[in-house]
Amino acid sequence: MQHPFKRWRIDILLFGSFALLILLLLAAVGWGAFRLSSQQLAENTSVYQARLLKELNQQLGILRQSIEQTSLSIARDPALLEHLAIRRDAYAKYRSYQNVINNLKGQVISSSTIFSIQIYMYDPIVIGEKEDIAMLPHDRLQGEAWYDLAAKSDFVWIPEREVVTDRGRKKVISFARKIYAPDLAYMGLIVINVKLEAFESVLRRNSEAQRLLLDSGNRPMTADSVTRLTPELLEVVRGLEKEEGYMPMNRGGDGERGASSGEKALMVWSKAFPDGWMLIEITPWREIASGSWRLALTLFMLGLSALLPALLLTLYLSRQFTRPVRLLVRSMSGFTIHQPDTPLPNDYRNEFGSLFGGFRKLRERVDELYAAQQAQYARQKEAELQALQASINPHFLYNTLDQLNWMAIEAGHEMMSRVLELMGRMFRTTLSNGETWITLEEELNHTLCYLEIQQLRWKGELAVETEVEPDCLTLYVPKLTLQPLVENSMVHGFHGRHSGTVRILADVRDGRIRLQVTDDGVGLAADWRERRNRKTGGYGLRNIEERLDAYFGIDCKIVAEAPESGGTSVTLSFPALREKPEGGRSHVADRDH
Amino acid sequence: MWRIAIIDDDRQVLAGMRNIIPWGELNAVYAGEAEDGKQGLELVRQANPDIVITDIYMPVMNGLEMLEALRQSGCTSRFVILSGYSDFEYARQALRLEVTDYLTKPVSIATIRNVLRKVIRSLEEEAAERQEQHELMEQVSQFRPYLEKNVSSRL
């Protein structure tokens, strides 16, 4: 492909490249702003989130500690221990039961976070499964889903589950603690069911962000956490060492890390100090970037609205720059000889001005050269014509005529001698030193010479009448205007005849000369005008017509008519010239005007 | 008798011319011929003809040079010039040298005869005039003694 700067129009190039440049700049600024601001936002977000998470985690820690404290104080309560220790004395057990229940009820009522308390014990006196304070037989423990957890340690947090009491179902996170007698004998297990709301009110604070709560063993503690903890995330979480921090990650999907599958997100985490519970917040990148995306979009839109005037300006500028070039190109492509020039503005003073000036000068020069060339061509044509005339070699012609004449004289042919003499005179007029204009007298003499030759041929059967105003004789006429008319009469008018009359009339009226040749021959053929246009025949008249047209334009008139008396009458009429015209054309030479 | 000389470098012309001139009718005699300007000059000086018919374009000396030389030496002969195609420019010069007629070649018999008749008529008129003048002078001289006597007696 060709270089575009050599191929496309300049205004398109100028405008296009400017527009492209501006657009690219705009896009670059928008993209940069988006990148930078989203980076910044991510940092700000993570710092803010980390701080928030730490705080929330602390609050959760306080909640846990208070529950753990409560459970400890319950587990060390002498009344409870006593109640658990009673095995056989049902009355005593029942009495202490009421006491313990009341005591524990007071605990539940006074706490806003505790939903219920379950105690797994040996030989419970009342099995109140749906009570707020439920005493349950110890062997039921094996049936619980969280048994494994509880069995391994003295106390443990149990992830979100559902408990049913008389008050209804409730989602809870529970704390289980084994109860030991002062002599370290195992007495049972106390489970404090903490309302899930207590955790969630903290977890959901300030945002709808996805937060995960994991215990020190990286176990998800809420149902939401379970669903949110993908194996991938678990892997990441296990690798975490710092107490708090943030990192970008790919969420969801089951591909490898960093693979394109899954959504980009920011993970911020915070570990609580003593117990190692971890709070994780995951923010989709989309949300972080939305602000900066808006910013970039706003910037881009602003840029676009600025782009419009900029483009208009560019268009205007490129037009201003290319307008003179276009003008010049138009002027150059429209440049032809004889056509009026396409005007170029004169008010440019800079490089365009010099270009215009240069072209204008060039144009004038070309015109001059063309005119000179044309003049030279005309001169050359004339010279060629003269050379042609000269090549007839008048010397030879006249010498030969003269010799013929003497030969005729020697042989006693007087008539032939006369014909040769007349011919000699006619040739003199015809050649006449290359003159175009001769006086009517000369033309008339020439014609009469011709007619005399014809008379000699016809042996007196040809009558010639002339009626010429003496005034006319000195007027200038184009050479050979009269004689061809007479020749026409002889050749066409008297075709097939042996007698006839030719009448030559010349007068001058209102500054116009009138030449008329009338014969009493066969008259005009019906289709003479059509025939005249053909190559053959009527050459004389057409030749005169063309020459007069060239000399006088519309000022000349040629009328051929057939008078009722028979024969043909041809009348020429053109301006009377007292002076010999300069050059080949008359004063009315320019017939275009 | 009028004496006519012919000068032309073409023998055919010389012969033809001599043939077509009606000597008897014109009351003329042949005064000789020459084939170039130089010969013509001698011929005219020797024979002193009344009429000279000469060509212009001739070898050695052309007709007009010859004529000029003759005019300078006081020759009063009548000159009839025969001019070829390229001799147009000489026409003016010829007029200055008092040429009686300037004919362009080719010339028909009739033209030559007419011209010669015209020249001779003018010569005759001139001669008649001279004659008349001469007679008048003679008469005057005859009457002179008488007149002288009368006039002197009156005085």
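Restricted to the range A:77-187, the set of helices (runs of 4 or more DSSP H) holding at least 1 residues that are closer than 24 Å to A:L60 by Cα comprises A:90-110, A:147-152.
How many of the residues in the range A:115-143 are modelled with pLDDT under 85 and either within 15 Å of A:I192 (Cα to Cα) or polar (S, T, N, Q) (or both)? Summing the residues that are modelled with pLDDT under 85 and either within 15 Å of A:I192 (Cα to Cα) or polar (S, T, N, Q) (or both) in the range A:115-143 gives 4.
Yes/no matrix, rows are residues, columns are (1) surrounded by 15 or more Cβ atoms within 10 Å (Cβ to Cβ); (2) of a type in the set (A, V, I, L, M, F, W, C):
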{"position": "A:A28", "(1), (2)": "no, yes"}
{"position": "A:L36", "(1), (2)": "no, yes"}
{"position": "A:L41", "(1), (2)": "yes, yes"}
{"position": "A:L52", "(1), (2)": "yes, yes"}
{"position": "A:E55", "(1), (2)": "yes, no"}
{"position": "A:T70", "(1), (2)": "yes, no"}
{"position": "A:R76", "(1), (2)": "no, no"}
{"position": "A:L80", "(1), (2)": "yes, yes"}
{"position": "A:A90", "(1), (2)": "no, yes"}
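Among residues that are at pLDDT 85 or above, small (G, A, S) and surrounded by 12 or more Cβ atoms within 10 Å (Cβ to Cβ), A:A378 is included. Among the residues here, B:P49 does not qualify as within 14 Å of chain A (Cβ to nearest Cβ) and either on the phi > 0 side of the Ramachandran plot or at pLDDT 90 or above (or both). Only a single criterion out of (1) under 20 Å from A:A562 (Cα atoms); (2) in contact (Cβ under 8 Å) with a residue 60 or more places away in the chain is not satisfied by A:V491, namely (2). Residues of the range B:83-133 being among the aromatic types (F, W, Y) and surrounded by fewer than 16 Cβ atoms within 10 Å (Cβ to Cβ), which ones? If the condition is that a residue be among the aromatic types (F, W, Y) and surrounded by fewer than 16 Cβ atoms within 10 Å (Cβ to Cβ), then B:F88 is the only one that fits. Of everything listed in (1) of a type in the set (A, V, I, L, M); (2) in a loop (DSSP other than H, G, I, E, B); (3) over 22 Å from A:E545 (Cβ atoms), the single unmet condition for A:L420 is (2). Contact map, the range B:109-126: residues that are more than 14 Å from chain A (Cβ to nearest Cβ) paired with residues that are surrounded by fewer than 14 Cβ atoms within 10 Å (Cβ to Cβ) and of a type in the set (F, W, Y), Cβ distance under 6 Å, separation 6+ or inter-chain. No pairs are found.
Residues in the range A:423-450 that are assigned to a helix (DSSP H, G or I) and among the acidic types (D, E) were compared, and the one that is nearest to the other protein chains (Cβ to nearest Cβ) is A:E442.
Of all the numbered requirements in (1) at the interface with another protein chain (Cβ under 10 Å from one of its Cβ atoms); (2) on the phi < 0 side of the Ramachandran plot, A:G412 misses one, and that requirement is (2). The combined condition, being over 30 Å from A:D215 (Cα atoms) and in contact with a Gly (Cβ under 7 Å, 6 or more places away or on another chain), is not fulfilled by A:L41.
Considering only the range A:3-26, state which residues are surrounded by fewer than 16 Cβ atoms within 10 Å (Cβ to Cβ), assigned to a helix (DSSP H, G or I) and among the aromatic types (F, W, Y). Listed by number, the list holds a single entry, A:F5.
The values are calculated or read from the model by the stated rules, or taken from the named source; none is laboratory data. The structure presented is a predicted model; accordingly, all values stated were derived computationally and were not measured. Every residue, glycine among them, receives a Cβ derived from its backbone with ideal geometry; neighbour counts consider all protein chains shown.
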